């Protein structure tokens, strides 16, 4: 890791809580978000096992600090895209647990009207633009949004998240080359959780320092401790500022881990990794890492942490009951949204 | 009316739409400094500058995806593929991203873009450079597939495609770029989804599109000399298909030949024949016959290549078969 803990090189623009480059309120809000992402996915897993969620369902458990830390550095009008492991990113971007859970349940009130499902979460109102199911498919899309931002001189940034396995696909390389060549305000985030489905990175990738790949394209890059929300936020802040001030792209390799299987049909451990390995990573759980920091700085005590977690559990329970009660799409929804409405073409 | 080449008609359409709407930009290999591999974009860099006429590296998947992304947030990209053969590298972005974005986002995010370039065979370019892909794209809900055969149609349809809120696969032809024809002067568009009766006739309908239109018209001329009156329907748009115009003609002539440059299996003609047999079965006096390219990769040898392609003699023979004259 080139950076863990808050970097001393970065100047905080926020009021400091001694030694922390964040306010107490910010820390509490982030802790709440981390818990929300975790509890949401736990409930999604349960609903899936009850048959209430269908299809593929890829959970984010273990990677929460990447989402929450990253979104904390973005502007509301920036563009965010992801792979199909995006529930946590969508929540952290500000989409409601209700609209996402309803989408997982396939309901009309879901963020994509029940037509997208787990892999295709969209909310144009917060510029969360998918939810893409083909590995690496969103990387050129994010590059195109950065192109649009530069074209319109809007000073927006596009941030594209993908797993480390997508760094082996052609669209990754084509996109990074053009983003650097054309100086596009794009941030590419590799969520390196160590496994592409069941294939360990060492079995798929010749140079495991994935951020080095940016250097082939004359692009700034860094590896980041993805379990440390502060490290994530500061790295993202540097990359976003670079994009905004000089219109230059960056590659961030967030080193993280998923405790659960690739999808709901995949056991957490046993086939391609050991239980011991998963337990080792759980020792640096991103939620605990933040909680410990907050406690060290006397920002919160155990009761306070529990109160936040309880609040979040209630929010997720609400989301589940909302999703359960929400109606299916109308039958004629089958044929809507294929093309623009009459007269628009 | 002006007399323009197909190439210059496309160039006018691009220029007018870029003047009309600053969200429109052109991106692709050799489109800017080289003025276009086939000179369709001649002069556009000079007029609109490098932000709107963008040369790319050879990276079809990447720059097509960049077009999709830019369209998702409100620009109007025209992505030029040097030929549709190379767009196979981009088909993931066309099919998995462009065609599906509106649907899988529940209607929130459309993709108003055009992907355009020459389709099908030219002369002796052999197997990898001589393929017609319209059936591939026309299969996909969410895409529109437009294939003009004349300069006027090229201009009017490209302008409509650029203004369309959906992704449009726009297929031209290397062998069409030098074709001259009359083009209305001034502003005009042709609606997507409307076929055109290129020649009226009474005895038989020839349904064709793109590079089979001119062979069909030539065949109709020769048939006329033999006393056979052929009606030539140019589909112009493959998806959505103008079934009404096809059926109106077949109901009149009772006989039909369907031509296309693609291969026979699951081709566009198969869809046309399906529409005819379902909706105009009682009008038919003979089975509908299809004329396609030979079911082989395109050979290099000139004679072999010629024998693989649709030409007037093959169309005439097919017409005579549906008329039971042979």
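This table checks each residue for (1) surrounded by fewer than 20 Cβ atoms within 10 Å (Cβ to Cβ); (2) at the interface with chain B (Cβ under 9 Å from one of its Cβ atoms); (3) farther than 24 Å from residue A:261 by Cβ.
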| site | (1), (2), (3) |
| --- | --- |
| A:57 | no, no, no |
| A:73 | no, no, yes |
| A:113 | no, yes, yes |
| A:118 | no, no, no |
| A:129 | no, yes, yes |
### Query
Would you call residue A:147 outside any loop (DSSP other than H, G, I, E, B), in contact with a helix residue (DSSP H, G or I) (Cβ under 9 Å, 6 or more places away or on another chain) and within 12 Å of chain B (Cβ to nearest Cβ)?
yes
### Task
Looking for whichever is in contact with a strand residue (DSSP E or B) (Cβ under 9 Å, 6 or more places away or on another chain), surrounded by fewer than 18 Cβ atoms within 10 Å (Cβ to Cβ) and free of Cβ contacts under 8 Å to residues at least 40 places away in the same chain here; the options are B:141, B:191, B:184. Which one fits?
B:191
### Query
For the subset of the range A:131-144 comprising residues that are surrounded by fewer than 24 Cβ atoms within 10 Å (Cβ to Cβ) and touching a residue at least 24 places away in the same chain (Cβ under 8 Å), which member is farthest from the other protein chains (Cβ to nearest Cβ)?
A:135
### Summary
Picking from A:231, A:221, the residue that is within 21 Å of residue A:27 (Cα to Cα) and at pLDDT 95 or above would be A:231
### Task
From A:104, A:184, grab the single residue that is more than 8 Å from chain B (Cβ to nearest Cβ) and more than 26 Å from residue A:242 (Cα to Cα).
A:104
### Task
Scan the range A:197-216 residue by residue and report those that are in contact with a helix residue (DSSP H, G or I) (Cβ under 8 Å, 6 or more places away or on another chain) and touching a residue at least 60 places away in the same chain (Cβ under 8 Å).
A:197, A:199
### Message
Anything in the range B:22-42 that is part of a loop (DSSP other than H, G, I, E, B), touching a residue at least 12 places away in the same chain (Cβ under 8 Å) and within 24 Å of the chain's Cα centre (by Cα)? List them, or say none.
### Response
B:29, B:30, B:31, B:32, B:36, B:37, B:38, B:39, B:40, B:41, B:42
### Query
Which ones in the range A:305-342 are in contact (Cβ under 8 Å) with a residue 12 or more places away in the chain and over 30 Å from residue B:106 (Cα atoms)?
A:305, A:308, A:309, A:311
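Within the range A:158-178, does at least one residue satisfy the condition of being in a loop (DSSP other than H, G, I, E, B), within 14 Å of residue B:73 (Cα to Cα) and more than 8 Å from chain B (Cβ to nearest Cβ)?
no
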### Query
Is there a residue in the range A:64-78 that is out of contact with any strand residue (DSSP E or B) (no Cβ under 8 Å at 6 or more places or on another chain) and under 19 Å from residue A:267 (Cα atoms)?
no
### Query
Is the range B:54-65 home to any residue that is out of contact with any strand residue (DSSP E or B) (no Cβ under 8 Å at 6 or more places or on another chain), facing chain A (nearest Cβ under 7 Å) and surrounded by fewer than 24 Cβ atoms within 10 Å (Cβ to Cβ)?
yes
### Residue check for residue B:205: within 14 Å of chain A (Cβ to nearest Cβ) and touching a helix residue (DSSP H, G or I) at 6+ places or on another chain (Cβ under 8 Å)
no
### Message
For residue B:276, only one of the following conditions fails: (1) in contact with a helix residue (DSSP H, G or I) (Cβ under 6 Å, 6 or more places away or on another chain); (2) outside any helix (DSSP H, G or I); (3) within 22 Å of residue B:219 (Cβ to Cβ). What is its number?
### Response
(2)
### Query
Do we have any residue at all in the range B:3-15 that's more than 23 Å from the chain's Cα centre (by Cα), buried (at least 24 other Cβ atoms within 10 Å of the Cβ) and assigned to a helix (DSSP H, G or I)?
no
### Query
Can you name the residue in the range A:327-345 that is farther than 30 Å from residue B:162 by Cβ and outside any loop (DSSP other than H, G, I, E, B) and is also farthest from the other protein chains (Cβ to nearest Cβ) among such residues?
A:331
### Task
Within the range B:86-106, track down each residue that is facing chain A (nearest Cβ under 7 Å) and assigned to a helix (DSSP H, G or I).
B:92, B:93, B:96, B:97, B:102, B:103, B:104
### Lone qualifier among B:149, B:135, B:126 - being away from chain A (no Cβ under 13 Å), in contact with a helix residue (DSSP H, G or I) (Cβ under 9 Å, 6 or more places away or on another chain), touching a residue at least 40 places away in the same chain (Cβ under 8 Å) and at positive phi
B:126
### Message
Among the residues that make up the range A:273-286, is at least one of them part of a loop (DSSP other than H, G, I, E, B), touching a helix residue (DSSP H, G or I) at 6+ places or on another chain (Cβ under 6 Å) and surrounded by fewer than 19 Cβ atoms within 10 Å (Cβ to Cβ)?
### Response
no
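The values are calculated or read from the model by the stated rules, or taken from the named source; none is laboratory data. As the structure is a prediction and not an experimental result, all values here were calculated from the model. Cβ coordinates were reconstructed from backbone atoms using ideal geometry, including for glycine residues, and neighbour counts include every protein chain displayed.
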